[in-house]
Structures are given as structure tokens and as C-alpha cells.
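As C-alpha cells, the structure follows; a few thoughts come after it.
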Protein chains: 2
Amino acid sequence: MSIETLPLDKQLCFALYASSKEIAKAYRDKLAPHGITYPQYLILSALWDQDHRTVSEIGAELQLDSGTLTPMIKRLEEAGWVLRIRQKPDERRVYVDLTEKGKTLKDDAACAVAEIWSDLNLNEDTYHVLLNQLHSITAKLQKGDD
Amino acid sequence: MSIETLPLDKQLCFALYASSKEIAKAYRDKLAPHGITYPQYLILSALWDQDHRTVSEIGAELQLDSGTLTPMIKRLEEAGWVLRIRQKPDERRVYVDLTEKGKTLKDDAACAVAEIWSDLNLNEDTYHVLLNQLHSITAKLQKGDD
DNA sequence: TACAATTAAATTGTGCACAACTTAAAGTGA
DNA sequence: TCACTTTAAGTTGTGCACAATTTAATTGTA
């Protein structure tokens, strides 16, 4: 099987591109009334999972660098969702803490995006197969980075 | 199953985001020596599949609007991969035609990205399951747009 | 035929995402 | 202790991606 010469609609790279775009759009539409973007939602999700994390820790989870994260986190701070805290004993590190407002957004956001998944109506097996396969691809590609 | 409240690593939206980012990175690394970006590769792929298409047609296939495509196609033209042709009987339409240079890039690009897939080593069943599921998700979400 | 409505692409402004580079702080070794 | 190296975040420049708007061409209607 020679993947690279297939038409676009048979190429998995494009299927990934297209589906992630559509998911991003669906999330964007649901999250916009709450005042956050989808990538911001991902940052906040990482913090909802574990609050008080450095830029690098968030970056490690999301595979985003500080070039991307710093402006985003600054905007999240300006909007009142998080605080950026530089503190001893290592002042190079900036910790990102959820505000009360940021903590309460978790449930609102969850409700906002729930409809996407109920509409998609994936059965649980399919969901987990996809999840595991995509994680496997991600891991293999990241391993290939070194 | 309440997807929206799961930690990030159990959320399919993030798995899609992460895997498509990693694929994009892998492609970017392989295509950069040939002088094109991954999104440009997708445009060219659409043209390799069918040359002489309008901006809208390319946009329909890639689900990208002219706001995104116009600057990209202009850069592809500047680099000599395509020509932009506005012609009768409808001068609103701009056709995008591959140059000879653009046509010959197809094989070079295919060779460049082949290693990604051989390294990933997906078996054919897995490949097609993923492809079909992702297309299904994309289609359902696009249908929900209306 | 004239004008309103629609269409195709282009422009403008904003938010990512990345590579390369910079700044400041911390770590290391002589 | 000090010079050098490494680390964490921040900045700069570029290329997307999208929403809103504009421009120009075409179509539809009275």
C-alpha cells in the first residue's frame, strides 16, 4: 500500500486534518459564548485536571511551546480565568493558577460541549478504539522526534 | 459515558488535536526541504488529484475559505508551483493551474513523506478503520453545521 | 434596460503555532 | 567565587485559519 500517492480523500493525514478542524470548529462555536477559544479551553482543561502548573508543564501536556502559550495565558489572565505567578525559589518559572472564575468555568464548558458528543453519538467501543489508536500515532511520532 | 468531564488524555478532541499536530509536524519536517508547507502540500495534493480548479473548489475539498486560500495560493504562485488565472466567461473565478514544476513536485513530495508512514507501520485494517471513522466524524460535524 | 441581489475572491483584523532568537535566572565546575 | 552553561519564559517574524467586511463581477427581476 503506497499511501503517499493516494488521492487526498484516501490519505489519513488529510482525514486527521479535516476531522480535527471540524472538532475544533464545533468546540469553538460552543465555547465562544463563554468567552474562550478552543485552544484556551485545552489550556484550562489541563489546569482543571491539575491546577498550579508552570508554563512548561502545560506545554508538555499540550505539546505547545512558550512562544504559543505565553500570549495565550496572558490573554486568559486578562480575562480573569487564571493568574500568572512568578515565585521563589526559581523565578524563571511562571505558575498558572485558576481563579475562582476559572474554576467555575469547568462545568459551564462541559455543558457547552456536551451536545457535540451526544450529536456524534459514537458508541463506546468506537470511542476507545479511536482514542487509543490516535494516542498510539501521537506517541510514535513524538518518539520519532528524538 | 460523560466525555466532557474526562481528563484531557481521555478526551477524543484532544487526541485528535495532538495526533493531527504531530502528523502536521512530521509532514512539515519532510516537506520543508522541498520548499513547501504542509497546508500548501494539501492544496497541491488537491491539484495533483485534479488540476485547473477554482479557489472555491479547492476550498470545498479542503474546507478552507478564500481568506485562508488566497494568500497561500499567491505564495504558491510566487514560488512557481502554480499559476492563478482569471478568465472569461466569469471573471470572478480564479483558476489555479499547476506549473510543470508543480506537477513534478508530486513524486518528490510522495518520496519525502513515505518514511512517515513506513515508520508508523500501521496495518492496513487499522488504517482503513481510522480513515472511515474520521471521515464519518467529519461528515457528521459538517452536516451539523447547517 | 436598470437596479437589486447574489456570488467569487480579496482584504482586514485577530488568535494560534512554530522557528529562531533574547532575556533573566539558576546550575555547574574550576 | 566567578565564568560559563543550561534552563524557563518571553519576544520577533512568518504562515495559517477564521470572522467580518469589501470589491468586483454576474445573475435575477421588474
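Since every read-out is calculated from the coordinates, none of them should be taken as a lab result. This is a predicted model, so every value here is computed, not measured. Note that each Cβ is placed from the backbone with ideal geometry, even for glycine, and that neighbours are counted across all protein chains shown.
Position A:Asp119: other-copy label points at 3.6 nm, ordered by increasing distance, label point 7 Å along Cα→C-beta. Label point of B:Arg84 (7 Å along Cα→beta-carbon): distances to the other copies' equivalent points are 3.6 nm, sorted ascending. Report summary: the helix-based calculation at 222 nm, which adds -39500 (n - 2.57) for every DSSP H run with n ≥ 4 and divides by the residues of chain A, gives -21500 deg cm²/dmol. Taking Cα atoms only, the orientation of helix A:12-31 departs from the longest principal axis of chain A by about 40 degrees. The per residue volume of the convex hull around the alpha-carbon atoms of the protein assembly as shown is 152 Å³.
Roughly how far apart, in whole Å, are the Cα centres of the stretch B:34-57 and the stretch A:93-122? Cα centroid of the stretch B:34-57 versus Cα centroid of the stretch A:93-122: 36 Å apart. Helix A:38-49 and the long axis of chain A differ in direction by around 70°, with both axes built from C-alpha atoms.
Axis angle, to the nearest 10 degrees, between helix B:66-78 and the longest C-alpha principal axis of chain B: 60 degrees. Simple rule: put +1 on each Lys or Arg Cβ and -1 on each Asp or Glu Cβ in the protein assembly as shown, find the dipole, and look at A:Tyr17, A:Ala46, B:Val94; the Cα lying farthest toward the positive end is B:Val94. Under the combined filter of DSSP loop state and at most 10 neighbouring Cβ atoms within 10 Å, the stretch A:50-139 retains these GluC sites (Glu not before Pro): A:Glu91.
For the stretch A:5-100, trypsin sites (Lys or Arg not before Pro) meeting the loop criterion (DSSP other than H, G, I, E, B) and having at most 15 other Cβ atoms within 10 Å: A:Arg92, A:Arg93. Ranking of A:Val82, B:Val55 by neighbouring Cβ atoms within 10 Å, starting from the fewest: B:Val55, A:Val82. If a spin label sat at a point 7 angstrom from the Cα of A:Asp29 along the line to its beta carbon, the backbone N atoms of the stretch B:102-146 nearer than 14 Å would be those of B:138-146. Note on the stretch B:3-144: the C-alpha convex hull projects to 10.7 nm² when averaged across all orientations.
Amide hydrogen proximity for B:Thr54: with H placed 1.01 Å from N in the peptide plane, the residues at 5 or more positions away or on another chain lying under 5 Å are B:Val96. Note that the stretch A:128-139 has calculated 3J(HN,Hα) couplings of 6, 4, 4, 3, 5, 5, 5, 4, 5, 4, 4, 5 Hz, one per residue in order, obtained from phi through the Karplus relation 6.51 cos²θ - 1.76 cosθ + 1.60 (θ = phi - 60°); glycine and proline are x. Over the stretch A:3-143, Cα pairs under 8 Å with separation of 6+ residues give a relative contact order of 19 percent. Under the simplified labelling scheme, the A:His52-A:Val129 pair shows an inter-label distance of 4.3 nm, with each label point 7 Å from Cα along Cα→Cβ. Label-point distances for B:Asp97 to the equivalent site in the other copies, using a point 7 angstrom along Cα→C-beta, read 6.5 nm when ranked shortest first. Here's the picture: charge each Lys and Arg Cβ at +1 and each Asp and Glu Cβ at -1 in the protein assembly as shown, and of A:Ile137, B:Ala79, A:Leu64 the one pushed furthest to the positive end of that dipole is B:Ala79. Remark: chain B carries a charge dipole of roughly 460 debye about the Cα centre, counting +1 on each Lys and Arg Cβ and -1 on each Asp and Glu Cβ. Using a simple charge model, +1 on the beta-carbon of Lys and Arg, -1 on the beta-carbon of Asp and Glu, nothing else, what dipole does the protein assembly as shown show about its Cα centre, in debye to the nearest 20? In total the dipole reaches around 860 debye.
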